[in-house]
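Undergrad: Below: one structure in structure tokens.
The values are calculated or read from the model by the stated rules, or taken from the named source; none is laboratory data. These numbers were taken from a predicted model, which means no experiment stands behind them. With ideal geometry, Cβ positions are generated from the backbone for all residues, glycine too; neighbour counts draw on all protein chains shown. Note: accessible area is taken over every heavy atom of the protein model, side chains too, but ligands, DNA and RNA are not part of it. Shrake-Rupley method; radii C 1.70, N 1.55, O 1.52, S 1.80 Å.
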Amino acid sequence: MRKMKVLVYGSGVIGSLYAALLSEAGIDVSVYARGTRLKNLQEHGLQYKGKGGIHTAKVTILSKLSEYDNYDFVLLAVREHQLYAALEELKNNISPTIVTLVNSLDSYHLWEDICGKGRILPAFPGAGGGFDGDILDAALTPRIIQPTTIGKTDGREKKLAALFRKAGIPCQIVEDMHAWQVCHLAMVVPIADAYYETKDPEHAGRDRILMKKTARQIRENLQKVTEKGLRLSPAKMNVFKLLPISIVSAGLGIAFRSKFGDRFMYRHSIKAPDEMQRLHEQFYQFIGQ
């Protein structure tokens, strides 16, 4: 039986983690990298922290992409501002499916105008972390909070979900990936804004006034989303609209102060302020504020 072949385009936290997990499951994984990250991967391999210490993933490191290399899936794991350049580079590759693990509200049709009709499978990662030097220190988010999310298309999403589950990556398939992305930003944009607003972002969760302000902004954002005619996705987002602000703000404070908040909220917000600012602008432009 032929091994599944996956190309991970992007060697940051998300791309590296998914590459490592897929390789552990026996998938044939190649990682496309550039710059200093490429040099480090060529010299030391893809090193990551896991059970028992530091491991080196069994992946192929690429510095070039051949248009004739055919992968079952290309996992596009780049930041929002790198998306279009990546699609331009991938458009000549013959691989049929590009999985966009990217935070963006742009139309998927715009992406397919570049890389070809029917090639985009929208998704979103459920992971976070960082690097300890050049060694990956990352993890999957708990399934109950945010599994890897895949948009429903033409059946390919089931094949991708099976691949992820084989690698121990919790995932879900949603009917409307665009609505899910909008709701996701309705929550994470105010969270990131809270870190940027305070003079002590590492301890933002201790500021009760800031937590209440963040809770109110999330509620207002989700209300605006429903006014745009979108159903909240996942349905648990309705909790932010139904519970009293005092309870929501207390819950946010706990999340901000937790190890989860440090790994999945604080680190990304602090390391990617430019990306979060662009997403802030995208979101509020979308909902009409």
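Undergrad: What are the residue pairs meeting all of these: first residue in the stretch 81-100, first residue open to solvent by 80 Å² or more (accessible area, probe 1.4 Å), second residue among the polar types (S, T, N, Q) and part of a loop (DSSP other than H, G, I, E, B), Cβ atoms under 9 Å, and 6 or more apart or on different chains?
TA: I94/N70
Undergrad: Could you tell me how many of the residues in the stretch 33-56 are open to solvent by 30 Å² or more (accessible area, probe 1.4 Å) and touching a strand residue (DSSP E or B) at 6+ places or on another chain (Cβ under 7 Å)?
TA: Residues meeting the conditions: 6.
Undergrad: Anything in the stretch 242-289 that is closer than 25 Å to L230 by Cα, open to solvent by less than 70 Å² (accessible area, probe 1.4 Å) and of a type in the set (D, E)? List them, or say none.
TA: Passing the criteria: only E275.
Undergrad: Oh, and also: If you take the residues in the stretch 176-233 that are polar (S, T, N, Q) and surrounded by 20 or more Cβ atoms within 10 Å (Cβ to Cβ), which one is farthest from E281 (Cα to Cα)? Don't jump to the end; show me each part of the working.
TA: Step one: filter the stretch 176-233 for residues polar (S, T, N, Q), giving 181, 198, 214, 217, 221, 223, 226, 233.
Filter once more, so that each one left must be surrounded by 20 or more Cβ atoms within 10 Å (Cβ to Cβ): 181, 214, 221, 233.
Working: Q181: 14, T214: 17, N221: 13, S233: 21 Å.
For the stretch 176-233, the residue satisfying everything is S233.
Undergrad: Still on this structure: Please determine, by comparing only the residues of the stretch 241-289 that are touching a Lys or Arg at 6+ places or on another chain (Cβ under 8 Å) and not in a helix (DSSP H, G or I), which one is farthest from I191 (Cα to Cα).
TA: Restricting to residues being touching a Lys or Arg at 6+ places or on another chain (Cβ under 8 Å) and not in a helix (DSSP H, G or I), the top hit is G288.
Undergrad: Then there's this: Only one of these conditions is not met by S16: (1) part of a loop (DSSP other than H, G, I, E, B); (2) at pLDDT 95 or above. Which number is it?
TA: Checking S16 against (1) part of a loop (DSSP other than H, G, I, E, B); (2) at pLDDT 95 or above, the one that fails is (1).
Undergrad: Select the helices (runs of 4 or more DSSP H) contained entirely in the stretch 29-140, then report the ones holding at least 1 residues which are in contact with a helix residue (DSSP H, G or I) (Cβ under 8 Å, 6 or more places away or on another chain). Please lay out each step first, then the result.
TA: Working: elements: 35-44, 83-90, 108-115.
Hits in the stretch 29-140: 83-90, 108-115.
Undergrad: Also, quick follow-up: S66 passes all but one of (1) open to solvent by less than 50 Å² (accessible area, probe 1.4 Å); (2) over 21 Å from R165 (Cα atoms); (3) at pLDDT 95 or above; which number fails?
TA: (3)
Undergrad: Return the residue satisfying two criteria in turn: it lies in the stretch 181-208 and is among the acidic types (D, E) and in a helix (DSSP H, G or I), and of such residues it is nearest to P234 (Cα to Cα). Can you show your working first?
TA: Filtering the stretch 181-208 down to residues among the acidic types (D, E) leaves 193, 197, 200, 202, 207.
Add one more test, that the residue is in a helix (DSSP H, G or I), and what stays is 193, 197, 202.
On the way: D193: 22, E197: 28, E202: 28 Å.
Among residues in the stretch 181-208 that are among the acidic types (D, E) and in a helix (DSSP H, G or I), the one nearest to P234 (Cα to Cα) is D193.
Undergrad: I'd like the full set of residues that are at positive phi and either within 17 Å of the chain's Cα centre (by Cα) or crowded, with 19+ Cβ neighbours inside 10 Å (or both), limited to the stretch 1-32.
TA: G10
Undergrad: Shifting gears a bit: Does V59 satisfy the condition of being at pLDDT 95 or above, closer than 30 Å to V189 by Cβ and β-branched (V, I, T)? Let's see the steps before the verdict.
TA: On the way: at pLDDT 95 or above: yes; closer than 30 Å to V189 by Cβ: no; β-branched (V, I, T): yes.
So V59 does not fit the description; no.
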